[in-house]
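Have a look at the structure below, then the notes.
The values are calculated or read from the model by the stated rules, or taken from the named source; none is laboratory data. Treat the numbers as computed from the prediction; the structure is a model and nothing was measured. Every residue, glycine as well, gets a Cβ built from its backbone with ideal geometry; the counts of neighbours run over all protein chains shown. To get the accessible areas, we keep the full protein, side chains included, count just its heavy atoms, and leave off ligands, DNA and RNA. Shrake-Rupley method; radii C 1.70, N 1.55, O 1.52, S 1.80 Å.
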Amino acid sequence: MGLIAPYRRPYAGTQPEYLHAPYVSTVKRAPTRPLVAIPQTLSEVTGPHFGKDDIVQGAFDLTKQHAGEPLGERIVVSGRVLDEDGRPMPHTLVEIWQCNAAGRYLHKRDQHNAPLDPNFTGQGHTMTDEQGRYRFVTIRPGEYPWANHYNAWRPAHIHFSLFGPAFATRIITQMYFPGDPLLPFDPIYNCTADVAARERLISRFDWETTIPQEALGYEFDVILLGRDATPTEEPKRR
Amino acid sequence: MRSLATTWQTVGPYFRIGMERLMVADIAGEGVEGQRIRVQVRVLDGDDVPIPDAVLEVWQANSHGKYAHPEDTQDKPLEQRFRGYGRIGTDDDGWLRFDTVKPGPVPGPGDVDQAPHLVVGLMMRGLLKRLVTRMYFPGEVLNQTDPILMLVEGARRKTLVARAGVEDVKVLTWEIHMQGKDETVFFEL
Ligand SMILES: [Fe+3]
């Protein structure tokens, strides 16, 4: 098979540690032993690819999945999926999920005393285009309380799941909204040491994609791990 | 200057809303070649309490040891009906089950064959980023020389090898311990 060009390891401090005590659920679930560093093999530089058959037409629009319109403020969330070297990631699957405008998820375990919306499921997916662009139409999710600590409320967020070209490039993250007053209090948003890395999770209000009389636009780019140019048999370290 | 990869965030407890659609527990559908296996996995936290809100992703080669991916240029047969991807959530008792075929060996560093293995990504509430591990098969000769297993201290290798069933060897059981004396080995890529 020849030599394998590995994907880069994340830059120091730009990814969360597993144990982050302020987020209480990590305490019994984070591994306690150091991870074992391994070279990327064919198994890690390959990964599942999805095609048009895996996509439901129109699933990018979360406001059109039911007979009526969901309650809440309509928004357009769009952006690009790129790698660390700025290369667009075309034809990659993007899945999102979120709560409704009242802050309630359509999920049996969500017991928050806020109304469900019969016109909102909160699931969307799409594929990036040739230029790595994606676009969703949805409603702005509400903030919701959780049991992590006294008076804990999650800032408004949309969950994002992406594959990219390889098993190594997989990412699941959350997109936040600019100016959310709950961000400084949220242990999940604040789990990453690097402040700039955190702030890149906050979408940008985008006048260009805002639709007059219809929906506010937010822009959110997702960056996947880049790839070392030189094939090597040893994992690259920083 | 290059930009830096986006920060991971937890899938949270409600990932099924977005991830249910592509849950795949039957990885090798009808007509796919190879030895059929069923894998049952239990995911346990630091108190050995079953984790009911975890999701596991599987990536594997087909029975010939070929990945359905353009970068696998080996001269081995591809199967149109085999993607090699599974996504399965745990139930209320921390169990998840999937059916597939045993993958063939794929090349590793130095073109030494790796032992048959499933590449595994694990996500859950309380995990701020994915954990990567592998599931190996019991009784494989190649387990003695697998270049990735050799990087794991001897006493911990068993955490990566599934157990064969007593009544049916095609049913494999694998426990994932997040913590404790049997803590599963997790990898940094
Ligand atoms: Fe959430």
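Failed condition for A:Asn100, given (1) within 30 Å of B:Asp72 (Cα to Cα); (2) within 12 Å of the ligand (Cβ to nearest atom), with all others met?
Condition (1) is where A:Asn100 drops out.
Hey, among the residues in the stretch A:194-220 that are within 25 Å of A:Ala152 (Cα to Cα) and surrounded by 15 or more Cβ atoms within 10 Å (Cβ to Cβ), which one's farthest from the ligand (Cβ to nearest atom)? First the steps, then the outcome.
Of the stretch A:194-220, the ones within 25 Å of A:Ala152 (Cα to Cα) are A:194-204.
From the residues that got through so far, the ones that are surrounded by 15 or more Cβ atoms within 10 Å (Cβ to Cβ) too are A:194, A:197-198, A:200-203.
Details: A:Asp194: 22, A:Ala197: 19, A:Arg198: 17, A:Arg200: 18, A:Leu201: 13, A:Ile202: 15, A:Ser203: 15 Å.
Filtering first and then ranking leaves A:Asp194.
Since A:Gly142 meets every condition but one in (1) touching a residue at least 40 places away in the same chain (Cβ under 8 Å); (2) more than 16 Å from the ligand (Cβ to nearest atom), which condition does it not meet?
(2)
Could you tell me how many of the residues in the stretch B:15-45 are over 20 Å from the mean Cα position of the chain (by Cα) and open to solvent by less than 30 Å² (accessible area, probe 1.4 Å)?
Quick first cut of the stretch B:15-45, residues over 20 Å from the mean Cα position of the chain (by Cα) only: B:17-18, B:30-31.
Subsequent filtering for residues that are open to solvent by less than 30 Å² (accessible area, probe 1.4 Å) retains B:17-18.
Residues in the stretch B:15-45 being over 20 Å from the mean Cα position of the chain (by Cα) and open to solvent by less than 30 Å² (accessible area, probe 1.4 Å): 2 in total.
Exactly one of (1) more than 12 Å from chain B (Cβ to nearest Cβ); (2) more than 25 Å from A:Gly226 (Cβ to Cβ); (3) open to solvent by 10 Å² or more (accessible area, probe 1.4 Å) is unmet by A:Leu106. Its number?
Checking A:Leu106 against (1) more than 12 Å from chain B (Cβ to nearest Cβ); (2) more than 25 Å from A:Gly226 (Cβ to Cβ); (3) open to solvent by 10 Å² or more (accessible area, probe 1.4 Å), the one that fails is (1).
Residues that are facing another protein chain (nearest Cβ under 9 Å) and farther than 25 Å from B:Val119 by Cβ: list the strands (runs of 3 or more DSSP E) wholly contained in the stretch A:144-187 that include at least 3 such residues. Walk me through how you get there before you give the answer.
Details: elements: A:144-146, A:152-154, A:157-162, A:171-176.
Here the list is empty.
Keeping to the stretch A:22-65, report how many residues are open to solvent by less than 70 Å² (accessible area, probe 1.4 Å), part of a loop (DSSP other than H, G, I, E, B), touching a Pro at 6+ places or on another chain (Cβ under 9 Å) and of a type outside the set (Ser, Thr, Tyr).
5
Which condition breaks for A:Arg140 when tested against (1) out of contact with any helix residue (DSSP H, G or I) (no Cβ under 9 Å at 6 or more places or on another chain); (2) over 30 Å from A:Arg227 (Cα atoms); (3) open to solvent by less than 10 Å² (accessible area, probe 1.4 Å)?
Evaluating A:Arg140 over (1) out of contact with any helix residue (DSSP H, G or I) (no Cβ under 9 Å at 6 or more places or on another chain); (2) over 30 Å from A:Arg227 (Cα atoms); (3) open to solvent by less than 10 Å² (accessible area, probe 1.4 Å) leaves (3) as the failure.
So which of B:Thr90, B:Thr100, B:Thr10 is within 13 Å of chain A (Cβ to nearest Cβ), of a type in the set (Ser, Thr, Tyr), buried (at least 16 other Cβ atoms within 10 Å of the Cβ) and more than 16 Å from the ligand (Cβ to nearest atom)?
Working: B:Thr100 fails: within 13 Å of chain A (Cβ to nearest Cβ); B:Thr10 fails: more than 16 Å from the ligand (Cβ to nearest atom).
Going through B:Thr90, B:Thr100, B:Thr10 in turn, just one is within 13 Å of chain A (Cβ to nearest Cβ), of a type in the set (Ser, Thr, Tyr), buried (at least 16 other Cβ atoms within 10 Å of the Cβ) and more than 16 Å from the ligand (Cβ to nearest atom): B:Thr90.
List, please: which pairs have Cβ atoms under 6 Å, are six or more places apart or on different chains, and start with a residue in the stretch B:6-23 that is touching a residue at least 12 places away in the same chain (Cβ under 8 Å) and end with one that is within 14 Å of the ligand (Cβ to nearest atom) and open to solvent by 30 Å² or more (accessible area, probe 1.4 Å)?
Matching pairs, first to second residue: B:Gly12/B:Arg125; B:Pro13/A:Arg109; B:Pro13/B:Arg125.
Identify, from the list B:Leu131, B:Leu127, B:Leu151, B:Leu122, the residue that is over 15 Å from A:Pro31 (Cα atoms) and modelled with pLDDT of 95 or more.
Working: B:Leu131 fails: over 15 Å from A:Pro31 (Cα atoms); B:Leu127 fails: over 15 Å from A:Pro31 (Cα atoms); B:Leu122 fails: over 15 Å from A:Pro31 (Cα atoms).
Residue meeting the stated conditions: B:Leu151.
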